[in-house]
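Everything on this sheet refers to the single structure shown next.
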Amino acid sequence: MTLAQDISPPPPAAGENTILTVDNLCISVRTEQGLMPLVENLSFNLSKGETLAIAGESGSGKSLTSLAIMGLLPPPAVRVTGGSIRFDDLVLTGMPEHRLQQLRGNRIAMIFQEPMTALNPVMRIGAQLVEAIRAHENISVSQARKRALEAVRAVRLTEPERRLRQYPHELSGGMRQRVVIAMAIALRPDILIADEPTTALDVTVQREVLDLLRDLARDMDTALILITHDMGVVAEMADHVLVMQDGRMVERAPVRKLFCTPEQPYTRKLLAAVPRMGTGHGVHPDSQNEPLVSFRDTRVAYDLHGGILGRVVQRVHAVEGVSFDIYPGETFALVGESGCGKSTIARALTGLVPHTGNIRFKGQPLGNNAIQRKKISRELQMVFQDPMAALNGRMTAGDLVREPLVIHGIGTAASRRDRAAALFARVGLGEDALDRYPHEFSGGQRQRICIARALALEPQLIIADESVSALDVSVQATVLDLLAELKREMNMAYLFISHDMAVVENIADRVAVMYLGQIVELGTGSQIFGDPRHPYTRRLIEAVPHADPDRALPARVIDATDPPSPVRAVGDPPQVVVHDDVGDGHLVARL
Amino acid sequence: MTATKPATLRASAPSIWTRLRRRKLALIGLFLVALTFFGAIFAPWLTPYEPNTQMFEGLTMQGAPMPPSAQFPLGTDLLGRDLLTRILYGSRTSLIIGLVANGVALVIGTLVGITAGYFRGFIGSVLMRLTDLMMAFPALLLAICLAAIFQPSLWIVAMVIATVNWVQTARVIYAETSSLSQREFIAAERTLGAGHVRILFRHILPHLVPMIIVWGTLGISTTVLLEATLSYLGVGVQPPTPSWGNIIFENQTYFQAAPWLVFFPGFAIVSLALAFNLVGDALRDVLDPTQRGQEQ
């Protein structure tokens, strides 16, 4: 026990309305070295109708705390080793499983991050809701159906009767999360725990789901525990905030106080690392220069086969008639929501998917010729979203970084080893890291390995496909700094692909906004963020949660309809948009 | 969610042998395998008898086989041959079949599976339809046909077993390879400019090693048994050459009168199969770098 804990503030006194009291909660995992604490001496109260946000980075113990409240800690290794959790008059810690089951879903409900995994893919939505309701209340199927319909209406799904007959895969991500919420509120729980409820969703959908959660909590007087890493979401949603780090509470305060006058250094650091949206920067590059990469009317389409003869019945128009240039030394960002085709552009550029139309690299057209591809791969490297997935787990970090040198036959074994060590030093990893395997590193360190690997061939363009999206904010900030430094040093260009408007605003010189496989707006950072012209761009920018509790919330857009789809019948290609120059190279799609 | 921290690091990871040595079960398996090899190689020096010599003193006065005794540690069979000697010599057959036949099947299956799984398309379809075709034949019937066409000998039996046994491996490796090929690190490798051969053998194959080891060790027991079946049907190893399988089948009718004749070779088959499985399991864990530091 350290001194810091001994002087941690006592939990606020339990008031009239208190529904949940967590007192000195300790959670430990059993390892070969004995019990290892994961959460230590955590205390807080929750009142009826209150929204408490538990904020922290990965590994801070915030999800474990919520699982402990639900009695869902993964047995037998992880368990509560001290303290108590009191719900209403009941002590949850040490309660037998069958009694917990009665409470779970009924009085304490939980919403998980990934809606697709929380729903049974082979059951209709209606059947799942009815089952959940009937598990707790002894009512007839038809009564339960009525309740299910009410719940689906309450989460503002369009065509509720039809939704009940659909399967989860027929719904979009946002609609699925609404179904999960409907399931959670169908029994009118006293406490709703939402564990990163919007992390897997697009920003415009996130906005809708947050609005919905806020309204539901207010209307039903449900206490909401919101677990999130996103300080923007915290600022918009919470009444009180509890900041956690390494299993300990760092600070607990009302939301305004926390954001305006954070007391603890860690809270200050966390808040400082949150990328804030400004009005952009960047200038148009000198068009006299030869562009590094130029896309002209590039298309990528996948055929969907069907019928007994396996004919092409539909086509996915992932990228449709896209044209833009990337100049040496600039950071060009592609933004848009999932499925808009931004990653497909990167994959077409690196030759992972075939394209039609034109892509030129330094004036040379890119074909599907393997030898030419290999030559170009020296100058064009990619950093992927999930570094754990992008690194071969059976090779050491050193081998992984040497790999591109080996493939291209550069240097001798000794010189390659030196080069790898130098690259590691450059991205801020020690030399001892060379002999370790990817799983022995943290997420941020792994992404540094990926960056070192991409740098090994001294490319002129690095494609960063959601490269910082999976990282904690403080780590994200340091990786972004590293990318910026490297760019200055080596004068590389970046094709930066992201769904995160705030990150793009901070890093990009020029930005292209994509929607359904096409670019709807293209301009410098200041043109896009300072003067957005296309309604979709505006919607994207407005939807971003700001880490500022005093900021007025944007107007509601209720839009839980079927989203438009890039899947179209053969012979019915989408119309390619026409762009107007609204001044100084700022291109906007004509509506 | 699970709040795992990156494992704390050692200066140098212990070698594969050091880590293997910490596993008791693996050591037992290794010991049994070594024992079998020892028996197979040094059989002539380990026993005073010849495997195929029928001995007068090996039968009782009534002409029945002798139970285990000081003179014949495992007893004798119907023809008065020493059972221990036959099991020792028979281990040669079983090891050759188990290792060679199974090894060849494993290599064919892996090559077919990995090629079909990685390239898919036309090559993949052709290879996998061929596999399905092989699967459609009853394995035993096919083996009998092949063995009947060729002059039965130990090596022919091994090849026949390999021919019918590669299909399951091919299927499993195919499925695993096609899912591995979709993984991001393969895409990353392609963006680095790596060729197909390098991706296949340097990046995909190492991930298949655990699966190959498990299938390989499981396959040893099935091949030993398949050889026994073939020998029994008269198309396998020809008597009087002993194999564990044909010892059992020669003597099964006398199971009630002379149980040791079935028990000892049966025990040999079971323990060899088990031993290979134990070693295989341990090797799979030890060869996987992500398991490091997580063992007892």
Exercise. Report the one residue of A:Ile27, B:Asn102, B:Ser231 whose Cα lies farthest in the direction of the positive end of the charge dipole of the protein assembly as shown (charges on C-beta: Lys and Arg +1, Asp and Glu -1; origin at the Cα centre).
Key: B:Ser231
Quiz prompt | Distance (nanometres) between label positions extended 7 Å along Cα→Cβ at B:Leu27 and A:Met36 | solution = 2.7
Quiz prompt | 12 Å beta-carbon shell around A:Ser28, net charge (K/R +1, D/E -1) | solution = +1
Practice problem: Please report B:Phe137, B:Phe119, B:Phe185 as a ranked list, fewest other C-beta atoms within 10 angstrom at the top and most at the bottom. | Solution: B:Phe137, B:Phe119, B:Phe185
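What does the average come to when, for each residue of peptide A:290-297, you count the partner chain Cβ atoms lying within 10 Å of its Cβ?
Across A:290-297, the average partner-chain Cβ count within 10 Å equals 0.
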Exercise. Order by neighbour count: B:Trp166, B:Trp155, B:Trp244, fewest other Cβ atoms within 10 Å first, most last.
Key: B:Trp155, B:Trp166, B:Trp244
Exercise. Assign one of three labels to the range A:25-120, namely rounded, prolate or oblate, based on the Cα gyration tensor with a ≥ b ≥ c the square roots of its eigenvalues; rounded applies when a/c is under 1.5, prolate when it is not and a/b is larger than b/c, and oblate otherwise.
Key: rounded
Self-check item: Cβ charges +1 (Lys, Arg) and -1 (Asp, Glu), total dipole of the range A:79-188, debye
Solution: 200
Exercise. Please work out the C-alpha center-to-center distance from the range A:360-401 to the range A:403-480 and express it in whole Å.
Key: 13
Self-check item: Size of charge dipole - the protein assembly as shown - debye, nearest 20, with Cβ of Lys, Arg +1 and Asp, Glu -1, no other charges
Solution: 1360
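Place a +1 charge on the Cβ of each Lys and Arg in the range A:210-339 and a -1 charge on the Cβ of each Asp and Glu, then give the dipole magnitude about the Cα centre in debye, rounded to the nearest 20.
That gives a dipole near 300 debye.
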Practice problem: For a footprinting-style exposure proxy, rank A:Ile497, B:Ile247, B:Ile96, B:Ile123 by other Cβ within 10 Å, fewest first. | Solution: B:Ile123, B:Ile96, A:Ile497, B:Ile247
Practice problem: May I ask for the net charge around A:Ala235, where only other residues with Cβ less than 11 Å from the Cβ of A:Ala235 are counted and Lys, Arg are +1 while Asp, Glu are -1? | Solution: -2
Quiz item: A:Leu38's amide H: which non-local residues (gap 5+, or another chain) put their own amide H closer than 5 Å, with H modeled 1.01 Å from N in plane and none for Pro or chain starts?
Solution: A:Ile27, A:Ser28, A:Val29
Self-check item: Global form of the range A:400-518, assessed from the alpha-carbon gyration tensor, a/c cut-off 1.5
Solution: prolate
Self-check item: the range B:83-99 - phi-based ³J(HN,Hα) in whole Hz, Karplus 6.51/-1.76/1.60, Gly and Pro as x
Solution: 5, 4, 4, 5, 5, 4, 5, x, 4, 4, 4, 4, 5, 5, 5, x, 8
Quiz prompt | Inter-part distance where the range A:257-314 and the range B:85-144 are each reduced to a Cα centre, Å | solution = 49
Practice problem: With a/c under 1.5 counting as rounded, go ahead and sort the range B:174-284 into rounded, prolate or oblate using the C-alpha gyration tensor (a ≥ b ≥ c being the square roots of the eigenvalues; past the cut-off, prolate if a/b is larger than b/c, else oblate). | Solution: prolate
Quiz item: Is there a simple number for the mean count of other chain Cβ atoms within 10 Å of the Cβ of residues in A:50-59, and what is it?
Solution: 1
Quiz prompt | Virtual spin-label span in nm between A:Glu263 and B:Phe38, 7 Å along Cα→Cβ | solution = 7.2
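Packing-wise, with mean Cβ within 10 Å as the measure, how do A:163-171, A:568-576 rank, highest first?
Top to bottom by mean Cβ count within 10 Å: A:163-171, A:568-576.
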Quiz prompt | By average C-beta atoms within 10 angstrom, highest first, the peptides A:334-343, A:77-86 | solution = A:334-343, A:77-86
Quiz item: Taking a 27 Å limit on the Cα-Cα distance, which of the listed pairs A:Lys342/A:Lys375; A:Lys257/A:Lys487; A:Lys269/A:Lys487; A:Lys342/A:Lys374; A:Lys48/A:Lys269 fall beyond it?
Solution: A:Lys257/A:Lys487; A:Lys48/A:Lys269
Quiz item: Taking only the alpha carbons of the range A:117-186, what extent do you get along each of the three principal axes, in Å, biggest first?
Solution: 32, 22, 18
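Suppose R0 equals 22 Å. What FRET efficiency, 1/(1 + (r/R0)^6) with r the Cβ-Cβ distance, do A:Glu170 and A:Ala569 give to the nearest 0.05?
Details: r = 18 Å, r/R0 = 0.84.
Rounded to the nearest 0.05, the efficiency is 0.75.
Please list the three semi-axes, largest first and in whole Å, of the ellipsoid equivalent to the range B:140-179, using sqrt of 5 times the eigenvalues of its alpha carbon gyration tensor.
Semi-axis lengths for the range B:140-179 are 27, 9, 5 Å.
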Quiz item: For the charge dipole of the protein assembly as shown, defined by +1 on Lys and Arg C-beta atoms and -1 on Asp and Glu C-beta atoms about the Cα centroid, which residue among A:Tyr515, A:Leu587, B:Ala194 has the Cα displaced farthest towards the positive pole?
Solution: B:Ala194
Quiz item: Which is farthest toward the positive dipole end of the range A:199-266 among A:Ala235, A:Phe259, A:Gln206, measuring Cα position about the Cα centre, with Cβ charges +1 (Lys, Arg) and -1 (Asp, Glu)?
Solution: A:Phe259
Exercise. Work the Kirkwood hydrodynamic radius out for chain B: mean of 1/r over every pair of different alpha-carbon atoms, inverted, in Å.
Key: 21.6
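What does the charge count around B:Ala170 come to, taking other residues whose C-beta lies under 15 Å from its C-beta (Lys +1, Arg +1, Asp -1, Glu -1)?
My count for the surroundings of B:Ala170 gives +1.
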Self-check item: Translational diffusion of the range A:386-458, µm² s⁻¹ [Kirkwood Rh, Cα pairs; Stokes-Einstein; 4 °C; 1.567 mPa s]
Solution: 110
Quiz prompt | Helix-only mean residue ellipticity at 222 nm for chain B, each DSSP H run of n ≥ 4 adding -39500 (n - 2.57), per residue, nearest 500 | solution = -21000 deg cm²/dmol
Self-check item: Ordering of A:412-418, A:481-487 by packing [mean C-beta count within 10 Å, highest first]
Solution: A:481-487, A:412-418
Exercise. Would you kindly compute the Cα radius of gyration of the protein assembly as shown and its largest Cα-Cα separation (Dmax), both in Å?
Key: 33.5, 115
Exercise. Report the convex hull volume per residue for the range A:274-413, counting only C-alpha atoms, in Å³.
Key: 205
Self-check item: Nearest-ten-degree value, helix B:102-119 long axis tilted from longest Cα axis of chain B
Solution: 20
Exercise. Evaluate the relative contact order of chain A (contact order divided by residue number), counting alpha-carbon pairs under 8 angstrom at least 6 apart; express in whole percent.
Key: 16
Quiz item: Between the helical axis of B:24-41 and the dominant principal axis of chain B, each derived from Cα atoms, what acute angle in degrees is found, rounded to the nearest 10?
Solution: 50
Quiz item: Roughly how crowded by other chains is peptide A:434-442, in terms of the mean Cβ count from those chains within 10 Å of each of its Cβ atoms?
Solution: 5
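Rule-based calculations on the coordinates, nothing more; no lab input. Note that the structure is a prediction, hence the values are computed from the model and not measured. When we count neighbours, we look across all protein chains shown, and the Cβ atoms used for this are built from the backbone with ideal geometry, even at glycine.
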